[in-house]
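Note sheet for the following structure.
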Amino acid sequence: MTRYTPRASTGLRLLPPGGEIDPHRHDDHQLAYAVSGVLSVTTDAGIWLASPARALWIPTGTVHEHRSFGGADLRLVGIPAPRDPLGLARPAVLGVDALFRELIVACTDAPEAERDGAEWLRLRDVLLDRVARAPRYADYVPSAKDPRLAAVCRMLCDDPADDRTLAELGARAGAGERTLTRLFRAELGMTFPQWRAQLRLHHAMVLLAEGLPVTTVAHRSGWASASAFIDAFRRTFGHTPGTHRARVDGRLLLR
């Protein structure tokens, strides 16, 4: 059952490793950010990850649920529906710099009694300006609707290191390679290699948050070597897995 809360919450929640927030929706938009740890946001359209370098914009009416990896210092900011700087129908991943981070922390650290005051509302206005200006990233894992495509996606979600070809996976799912290639583009908006790479990077972020060594993360996520994994991670996120882990652990702040 989906929980309905008209007003999106604002504030701080400390989630333990594996901690969850059940499926719910609200009439407000919401900004979700993990000062430390990694947070997944799942909707019927896919899975997004928030981390110290990425915030998530969740549009009004979106049914979503949260899960923490490595324990998360979760910050949530509710935004009234008319105040919409992005105009999006689905969640978005936003790049976070030091100023963006401090604005989120200031908004969520403020006592509840002050959150409708003039000073706090001005602070939120500045935050919304940063939301509008923040870089957006397409690093989420979209979900499949077609049962044949969904079967292939489930196999890889169960084991992201599975290196079978699309033809081999299709044979198990009852669909040909050409059909699946078309479905990946038409339904998920990306090629099969792009989707699998995205899934593996998400899996790697989760494993890093859970404290596994980089070499173990690389192999469990489908890379042949740690160096290949580090290169792919740096190309996608702009920093190494080691830097990501230090931020997730709270040992390294954004600059």
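All of the numbers you see were taken from the coordinates with simple rules; none came from a lab. Remember, it's a predicted structure, so these values are computed and weren't measured experimentally. So basically every Cβ, Gly included, is an ideal-geometry build from the backbone, and we count neighbours across all protein chains shown.
Which residue fluctuates most in the GNM of the chain (Cα springs below 10 Å): LEU12, LEU166, LEU127?
Its mean-square fluctuation being the largest, the pick is LEU166.
I need the phi-derived Karplus couplings for segment 121-133: 6.51 cos²θ - 1.76 cosθ + 1.60, θ = phi - 60°, integer Hz, Gly and Pro marked x.
Here the 3J(HN,Hα) series is 5, 5, 4, 5, 4, 5, 4, 5, 5, 5, 4, 5, 8 Hz.
Largest first and in whole Å, what are the equivalent-ellipsoid semi-axes of the chain based on the Cα gyration tensor, each being the root of 5 times an eigenvalue? Please report the intermediate quantities before stating the final value.
Values: eigenvalues 213, 93, 45 Å².
So the equivalent ellipsoid measures 33, 22, 15 Å along its semi-axes.
Amide H neighbours of THR43 under 5 Å, at least 5 residues apart or on other chains, H built in the peptide plane: list them.
Here TRP48 satisfy the definition.
With springs only between Cα atoms under 10 Å, which of LEU207, LEU121, LEU149 fluctuates most in a Gaussian network model of the chain?
Judging by the Gaussian network model, the answer is LEU121.
Quick one: Cα convex hull volume of segment 144-248, Å³ per residue? Before the final figure, lay out each step's value.
Values: hull volume 10.1 nm³, N = 105.
Per-residue hull volume (Cα only) is 96 Å³.
Would you mind checking segment 1-44 for residues with the amide N under 15 Å from a putative spin-label position 7 Å along Cα→C-beta of ARG90?
Residues 41-44 qualify, since their backbone N sits under 15 Å from the label point.
Note down the relative contact order for segment 3-137 as a percent, whole number, built from C-alpha pairs under 8 angstrom at least six residues apart.
RCO, segment 3-137: 27 percent.
With an 8 Å cut-off on Cα pairs and a minimum separation of 6 or more residues, tell me the relative contact order of the chain in percent.
Details: 476 pairs, mean separation 46.2, N = 255.
That works out to 18 percent.
Mind checking which of THR60, THR181, THR108 has the largest fluctuation in a GNM of the chain, springs on alpha carbons under 10 Å?
For the chain, modelled as a Gaussian network with Cα springs under 10 Å, the answer is THR181.
Quote to one decimal, in nm, the extra length available between MET1 and ALA224 on full extension: 0.36 nm per residue of separation minus the C-alpha distance between them. Present the calculation step by step, with values, prior to reporting the outcome.
Working: separation 223, 0.36 × 223 = 80.28 nm, distance 4.15 nm.
This chain segment gains 76.1 nm when fully extended.
List, in order, the whole-Hz ³J(HN,Hα) value for each residue of segment 226-238 obtained from phi through the Karplus relation with A = 6.51, B = -1.76, C = 1.60 and θ = phi - 60°; use x for Gly and Pro.
5, 5, 5, 5, 4, 4, 5, 5, 5, 4, 7, 9, x
With a Cα-only, solvent-free Debye model of segment 3-137, what are the log10 I(q)/I(0) values at q = 0.13 Å⁻¹?
Values, matching the q order: -0.47.
Rounded to whole Å, give me the distance from the Cα center of segment 48-102 to that of segment 198-238.
Here the answer is 23 Å between Cα centres.
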